[in-house]
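Inspection log for the structure reproduced underneath, given as structure tokens.
What follows is calculated from the coordinates using simple rules that are stated; it is not laboratory data. These numbers come from a predicted model, not from an experiment. Here the Cβ positions follow ideal geometry from the backbone for every residue, glycine too, while neighbour counts run over all protein chains shown.
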Amino acid sequence: MRKLKMLAVAAVATGFAMTACQPPQGPAGTVIDRDSTYWSKTHQWTYKLTVRKAGGGEDTFKVLRRDYKACGVGEAYPACAGKS
């Protein structure tokens, strides 16, 4: 029974850690630019999208790799996110 409790706690902690590491969702709009940067010191990639918002103006924000790959220029964000 103790092992089962520990497994449940570990599963919840893992789920929380995975969601806590995700960048917040950016504003809705049309994707007008995409950018990816490789950081050689940390061996990690940073993915960003720039959208033109419906009310005007642009906003650039970090996204997950899957959202970067799914959202091409001209597509509606966040509808395109998570499709890949």
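Points to keep in mind about this one:
- The fewest-to-most ranking of Thr30, Thr42, Thr60, Thr50 by surrounding Cβ atoms within 10 Å reads Thr42, Thr60, Thr30, Thr50.
- With semi-axes defined as the square roots of five times the eigenvalues of the C-alpha gyration tensor, the equivalent ellipsoid of region 24-84 measures 21, 12, 9 Å, largest first.
- Put the Cα centre of region 49-81 next to the Cα centre of region 28-44 and the gap is 11 Å.
- Going from the fewest other Cβ atoms within 10 Å to the most, the residues Arg66, Arg52 appear in the order Arg66, Arg52.
- Ascending count of other beta-carbon atoms within 10 Å, so fewest first, for Lys41, Lys83, Lys69: Lys41, Lys83, Lys69
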